[in-house]
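Okay, so here's the structure we're looking at.
The values are calculated or read from the model by the stated rules, or taken from the named source; none is laboratory data. Fair warning: this is a prediction, and the values are worked out from it, not measured in the lab. Cβ placement follows ideal geometry from the backbone for every residue including glycine, while neighbour counts extend to all protein chains displayed.
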Amino acid sequence: MKRTVSIPAQLNPSIFLPLLEQCAEIFNAHVDWSPENKTYNKSKAHAALYEQMKKKHSEVPTAFIQAVRDTAMEAVKATAFKKRPRKKKYSGLRFDKRTMTLRGEQLSLSSMGKRERVVLKVPDYFRPIFDSWKLKGATLTYSTQTKQFWIRLVYETETPSLKIAGTILGIDRGIQQLAVTSEGQFFLNGNIRAAQRRYLYNRKTAQAKGTPSARRRLKAMGGKEKRFSRDVNHRVTKQLVSLEGVKTYVLEDLKGVRNKNRGKKQNKRIGSWPFHQFGFFLAYKAQMLGKEVVYVDPRYTSKKCSCCKEIQKGSRNKSKYHCRKCNFQLHADWNAAINIRDNYILSSTSKASEEQVAVIQPSVMIGNNQSQAYCLVQ
Ligand SMILES: [Zn+2]
């Protein structure tokens, strides 16, 4: 499996912008030559253009001329002469073993004239990849909007087989508790709640002011808030994948939940935290360990009793779940997490024995107490 690690790099624009520009020109010269000569053969392109390119772009290291030629021919081949895949002025440039070396955090890049060195700031959550995976190559990109260079490092490692033995863990994601597992582990945060309230308050006051400086602060805060939630998601998913003996993590599929009519509360729950990101982080960390993340339908997971499987309205009161039928009581998120796990076990019939299926027949009870009329719906 491959992962791309993108890191901002402080590089000298007066050296690297001309490099990008000239390499784009070399690329385009090849792309234009190719259809006229009806070939994307690399040796033929080399014979026809190499000396000419070397003369014209005398400051560009020849390793780039060769590498750019190869990528240009591959690009033409991919379009089968139907399009000319020309590059823009500052299009990204691929580096390989000949044009870059990475020692620790020090990256050295070939460029116009001598090699340039830059120290990369590697975020903590990229550490395991950075330290132990194999570096396959890198692309240098430049954003004309933010005037920022980025190094995109491509790493590879063998995909662990999914054959490890382990249990199935259901996870309920929420705002009060960020994650609660079917084994009763709570990943809360009081801190998150406080931070969210603070962000909300700051945002509201800045919005109310509406001055240019308030608007700027609002924009900066958006970034801060994003970084905060990303950091929390990284930390919690890291703890979850580290749980020993667990092989499969079951999450609710919250895709399109906001579009369906699920009520204000549910929408607020989904809108106020990057749950999608949480799932993504969990999945890629799990994959590295030979574990897996699967999704189930989120319907009824919070209304169903995880003990007798009765689905009833009004059984949940804030953080408490109390089943009117069998008198089962549990923290509501914990109850939901068990349902999430069991829904997965049920949905994959090969994993569930017939007995389990027979016991867990879904039913809906309308009305919240047994003395009232109720109706069971299959
Ligand atoms: Zn019950």
Can you find, within region 51-101, the residue that is farthest from the chain's Cα centre (by Cα) among those that are among the acidic types (Asp, Glu) and under 19 Å from residue 40 (Cα atoms)? 51
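Here is a yes/no grid of residues against (1) at pLDDT 50 or above; (2) away from the ligand (no atom under 16 Å from the Cβ); (3) loosely packed, with under 14 Cβ neighbours inside 10 Å; (4) not in a loop (DSSP other than H, G, I, E, B):
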| position | (1), (2), (3), (4) |
| --- | --- |
| 287 | yes, yes, no, yes |
| 300 | yes, no, no, no |
| 346 | yes, yes, no, yes |
| 372 | no, yes, yes, no |
Got at least one residue in region 62-72 being farther than 29 Å from residue 134 by Cα and not charged (D, E, K, R)? no
If I ask for residues that are among the acidic types (Asp, Glu) and under 15 Å from residue 187 (Cβ atoms), which ones from region 211-235 would you list? 231
Do we find a residue being more than 14 Å from the ligand (Cβ to nearest atom), assigned to a strand (DSSP E or B), under 34 Å from the mean Cα position of the chain (by Cα) and under 29 Å from residue 166 (Cβ atoms) anywhere in region 315-333? yes
